[in-house]
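Each remark here refers to the structure printed beneath this line.
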Amino acid sequence: DQQVKQNSPSLSVQEGRISILNCDYTNSMFDYFLWYKKYPAEGPTFLISISSIKDKNEDGRFTVFLNKSAKHLSLHIVPSQPGDSAVYFCAASVGNAGKSTFGDGTTLTVKP
Amino acid sequence: GAVVSQHPSRVICKSGTSVKIECRSLDFQATTMFWYRQFPKKSLMLMATSNEGSKATYEQGVEKDKFLINHASLTLSTLTVTSAHPEDSSFYICSASSDRGQDNEQFFGPGTRLTVL
């Protein structure tokens, strides 16, 4: 049973528009959520995170929204840039043990 | 940020041989490192948590005798795939936590592509 799900394997948007990547989770014990970005042949790099005590966290062009009742979070990128083209992983953790459960990833393509 | 390296980046070996993959934290000390395996177009599957100076904690379904993990120092963890078979071919990634990062943030190595012939 996959506890973190990214139901869209891919997303394509036009440069300058908004990219919205979605993530759902099933384990109500998760209280910290992270988004990672991964380029080919590289390891994932941290992008943005949110604690369950918040419902929004913003960092520049990136905003993460958390809906605890729906067990859903989303990453908004606006405006999208071609350099944002990568695989985005949603991850969830319990407490601060460091261990995270990852989704399958969504491949974002931003077209010039 | 904190830098994690992996070596080798790519390895091809014959079936039945053992392969060692190194994961190093270059500019910080990592008491805990994580080993993941990634299948094509799938998520990072956590294999084990590597603790410096103690035994690794393996996830359910991961054979500890098959995937030997040693965390001998605060900057080095190794994963040895013993008696490798073609089904072990995969992308293996390590990560480490650092107090420089956000809560639960992991710093990932670049990964190792293992191909078993």
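The values are calculated or read from the model by the stated rules, or taken from the named source; none is laboratory data. All figures in this text were calculated on a predicted structure; none of them were measured in a lab. As a convention, Cβ positions derive from the backbone with ideal geometry for all residues, glycine included, and neighbour counts pool all protein chains shown.
Would you point out which residue out of A:K37, A:K54 is out of contact with any Gly (no Cβ under 6 Å at 6 or more places or on another chain), surrounded by fewer than 17 Cβ atoms within 10 Å (Cβ to Cβ) and of a type in the set (K, R)?
Working: A:K37 fails: surrounded by fewer than 17 Cβ atoms within 10 Å (Cβ to Cβ).
Result: A:K54 is the single residue among A:K37, A:K54 that is out of contact with any Gly (no Cβ under 6 Å at 6 or more places or on another chain), surrounded by fewer than 17 Cβ atoms within 10 Å (Cβ to Cβ) and of a type in the set (K, R).
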Item to complete: Output the qualifying pairs, or none if there are none: Cβ atoms under 6 angstrom, residues six or more apart or on different chains, first residue in the range A:35-47 and free of Cβ contacts under 8 Å to residues at least 24 places away in the same chain, second residue assigned to a strand (DSSP E or B).
Response: A:G43/B:I93; A:G43/B:F108; A:T45/A:K37; A:F46/A:Y36
Worksheet, complete the sentence: Over the range B:67-113, the set of residues crowded, with 20+ Cβ neighbours inside 10 Å, of a type outside the set (S, T, Y), within 14 Å of another protein chain (Cβ to nearest Cβ) and touching a residue at least 60 places away in the same chain (Cβ under 8 Å) is B:I93, B:C94, B:A96, B:Q106, B:F107, B:F108, B:G109, B:G111
Practice prompt. Spot the failing condition for A:G83; the list is (1) closer than 30 Å to B:T112 by Cβ; (2) surrounded by 20 or more Cβ atoms within 10 Å (Cβ to Cβ), and only one is missed.
Written response: (2)
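Residue by residue, here is whether (1) in contact with a Phe, Trp or Tyr (Cβ under 8 Å, 6 or more places away or on another chain); (2) modelled with pLDDT under 95; (3) closer than 26 Å to B:R10 by Cβ holds:
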position: A:C23; (1), (2), (3): yes, no, no
position: A:T26; (1), (2), (3): no, no, no
position: A:P40; (1), (2), (3): no, yes, yes
position: A:F46; (1), (2), (3): yes, yes, yes
position: A:A70; (1), (2), (3): no, no, no
position: A:V78; (1), (2), (3): no, no, no
position: A:S93; (1), (2), (3): yes, yes, no
position: A:N96; (1), (2), (3): yes, yes, no
position: A:K111; (1), (2), (3): no, no, no
Worksheet entry | Positions within the range B:1-43 being facing chain A (nearest Cβ under 10 Å), free of Cβ contacts under 8 Å to residues at least 40 places away in the same chain and either under 21 Å from B:E105 (Cβ atoms) or among the hydrophobic types (A, V, I, L, M, F, W, C) (or both), in sequence order | B:S43
Worksheet entry | Long-range neighbours under 8 Å by Cβ, at least six apart or interchain, first residue under 26 Å from A:A41 (Cβ atoms) and more than 11 Å from chain A (Cβ to nearest Cβ) within the range B:44-61, second among the aliphatic types (A, V, I, L, M) and surrounded by fewer than 18 Cβ atoms within 10 Å (Cβ to Cβ) | B:M47/B:V62
Worksheet entry | Residues being in a loop (DSSP other than H, G, I, E, B) and farther than 21 Å from B:L74 by Cβ - total across the range B:105-117 | 2
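Results for (1) at pLDDT below 90; (2) of a type in the set (S, T, Y); (3) not in a strand (DSSP E or B), shown as yes or no for each residue.
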residue	(1), (2), (3)
B:G16	no, no, yes
B:G53	yes, no, yes
B:L68	no, no, no
B:E87	no, no, yes
B:D103	yes, no, yes
Worksheet, complete the sentence: Going through (1) within 11 Å of another protein chain (Cβ to nearest Cβ); (2) touching a helix residue (DSSP H, G or I) at 6+ places or on another chain (Cβ under 8 Å) one by one, A:S19 fails only at (1)
Practice prompt. Only residues in the range A:70-98 that are within 14 Å of chain B (Cβ to nearest Cβ) and of a type in the set (V, I, T) count as the first member; pair them with residues that are surrounded by fewer than 18 Cβ atoms within 10 Å (Cβ to Cβ) and part of a strand (DSSP E or B), Cβ under 9 angstrom, at least 6 apart or cross-chain, and list the lot.
Written response: A:V87/A:T107
Worksheet entry | Which numbered condition A:N27 fails, given (1) outside any loop (DSSP other than H, G, I, E, B); (2) more than 8 Å from chain B (Cβ to nearest Cβ); (3) in contact with a Ser or Thr (Cβ under 8 Å, 6 or more places away or on another chain) | (1)
Worksheet item: Are any residues in the range B:10-43 among the polar types (S, T, N, Q) and farther than 17 Å from A:A41 by Cα, and if so, which ones?
Response: B:S15, B:T17, B:S18, B:S25, B:Q29, B:T31, B:T32
Worksheet item: Taking the range B:18-51 on its own, how many of its residues are at pLDDT 95 or above and of a type in the set (V, I, T)?
Response: 2
